[in-house]
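Following: one structure in structure tokens, then a few remarks.
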Amino acid sequence: METIKAGVIGLGRAGQMHLHNLMTIPEIDILQVADVFIDKFSDKISDLGFTNQTSDYHDILNNPEINTVFVFTSTDTHEQIVTDAANAGKNIFCEKPLSMDTNEEASANVLKAVKENHVKLQIGFNRRMDPQFHNIYEQVRSGKIGTPQVVKVTSRDPDLLPHDLIQRIGGLLFDFTMHDFDIARYMMGSNITEVYAKGGTLIDPTLKEINDIDTLALVVQFENGAYGLIDNSRKAVYGYDQRVEVFGSAGMLKAENVSNSTVELYTKDNETKKNPLPIFTQRYKEAYTIEMKAFVQSLLNGAPLVATGEDVIMAQRAAIAAQKSIKSGKPVKVDPVFKL
Ligand SMILES: NC(=O)c1ccc[n+]([C@@H]2O[C@H](COP(=O)([O-])OP(=O)(O)OC[C@H]3O[C@@H](n4cnc5c(N)ncnc54)[C@H](O)[C@@H]3O)[C@@H](O)[C@H]2O)c1
């Protein structure tokens, strides 16, 4: 069996979750792991069998046996690490987004390095590979609901994130809504041309101190004339609320929340419905593994990448437009044309 010789960079929340999933894929052989705070993770990671550890990701890039790197570091490091990895000739899987900056040129330069070095880059838009959402995608593409006219995405986190984490991985728009812009665009098969956003701090006013919000309502227009509605919250007390609906000329497709149980309680004066799964690691467990398997198929057999550099730039453009719209109170145009 042909295997991918891999290095993993970043062992925080996302990194450890992915590491466990990667271990279940026989075609991936992880040779080295890195984190700037490697001492913090060393014992835990050694117990999993990864004893070749470093605090400097360049060691992975300089390891001639490694042909592929998985980048799960804080967002503010993605551009630099992906550029260095591309220049070192490694294929790359990188978590979203590439950047939380409003300057697109820097992200475009990363993609240029990827192109010039003839390596592959897949972005971690895992929701595309969620079995429920992917089923909607396939049925929309096959014309089951006619021409898609409106996509609705409800995406609510179970709880607020610590301020220091937000500063490393981006606020609501760049960390969270990023996924919703991508899934909406993926479902509609069309680029976003305009964003109108209302956002604020209805839950935690101290988020203003770090320029963030916790509640967001968005109207989106697509190049093909269709519309999108996205709503976000950082605190849904009942769990991780993830729903998608696509309405079209011949019908509607809709994915409800996934829950841990099929048990429903009915009594004379009470009806309790099962709550959604509590957190992203559980809700998208399958999707996280499927996106990695698809990446393997792309590397070994030339299958298409699940999500590309262009996809992440398009989502970043929408996030930047939403940021401007919240400030100005007006709809903001988004350039739907991507040229490298
Ligand atoms: N797709 C998803 O559903 C999903 C879910 C969670 C997080 N993420 C993304 O994953 C990324 C990481 O988020 P997180 O929540 O795990 O953050 P985190 O802070 O928990 O982990 C980041 C890790 O990267 C390490 N790191 C930072 N700079 C480094 C460097 N130069 N070299 C090596 N290691 C470095 C940190 O020490 C830390 O351990 C973010 O981009 C975030 O948006 C995606």
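Couple of notes before you dig in:
- Scan of segment 133-166 for residues that are open to solvent by 20 Å² or more (accessible area, probe 1.4 Å), in a helix (DSSP H, G or I) and out of contact with any Ser or Thr (no Cβ under 9 Å at 6 or more places or on another chain), ordered by number: 134, 135, 137, 138, 139, 141, 164
- Within the set 298, 259, the sole residue that is farther than 27 Å from residue 122 by Cα, more than 16 Å from the ligand (Cβ to nearest atom) and either surrounded by fewer than 21 Cβ atoms within 10 Å (Cβ to Cβ) or of a type in the set (Asp, Glu) (or both) turns out to be 259.
- Strands (runs of 3 or more DSSP E) fully within segment 198-289 counting 1 or more residues that are closer than 25 Å to residue 182 by Cβ: 215-222, 227-233, 241-248, 251-255
- Being assigned by TED's automatic domain parsing to the domain that holds residue 198 and open to solvent by 20 Å² or more (accessible area, probe 1.4 Å) holds for only one residue in 237, 220, 244, and it is 237.
- Tallying residues that are in a loop (DSSP other than H, G, I, E, B), within 11 Å of the ligand (Cβ to nearest atom) and surrounded by 21 or more Cβ atoms within 10 Å (Cβ to Cβ) within segment 64-82 yields 2.
- Odd one out for residue 186, checked against (1) under 27 Å from residue 141 (Cα atoms); (2) in contact with a His (Cβ under 6 Å, 6 or more places away or on another chain): (2)
- Top-ranked residue of segment 117-157 - restricted to ones that are over 25 Å from residue 246 (Cβ atoms) and out of contact with any strand residue (DSSP E or B) (no Cβ under 7 Å at 6 or more places or on another chain), ranked as farthest from the ligand (Cβ to nearest atom): 118
- Selection within segment 46-56 - within 11 Å of the ligand (Cβ to nearest atom) and open to solvent by less than 40 Å² (accessible area, probe 1.4 Å): 54
- Extreme residue, nearest to the ligand (Cβ to nearest atom), among residues of segment 84-108 that are more than 24 Å from residue 171 (Cβ to Cβ) and assigned to a helix (DSSP H, G or I): 84
- Restricting segment 270-285 to residues that are of a type in the set (D, E, K, R) and within 13 Å of the ligand (Cβ to nearest atom) leaves a set whose member that is nearest to residue 244 (Cα to Cα) is 283.
- Qualifying residue in segment 23-31 (condition: within 11 Å of the ligand (Cβ to nearest atom), touching a residue at least 24 places away in the same chain (Cβ under 8 Å) and crowded, with 19+ Cβ neighbours inside 10 Å): no
- Some residue of segment 83-100 being open to solvent by 10 Å² or more (accessible area, probe 1.4 Å) and among the β-branched types (Val, Ile, Thr): yes
- Scanning segment 301-310 for residues that are surrounded by fewer than 21 Cβ atoms within 10 Å (Cβ to Cβ) and not in a loop (DSSP other than H, G, I, E, B) gives 301, 310.
The values are calculated or read from the model by the stated rules, or taken from the named source; none is laboratory data. From a predicted model like this one, the values you see are computed outputs, not experimental measurements. No Cβ is skipped: glycine too gets one built from the backbone with ideal geometry, and neighbour counts run over all protein chains shown. Only protein heavy atoms, including side chains, enter the accessible area calculation; ligands, DNA and RNA are left aside. Shrake-Rupley method; radii C 1.70, N 1.55, O 1.52, S 1.80 Å.
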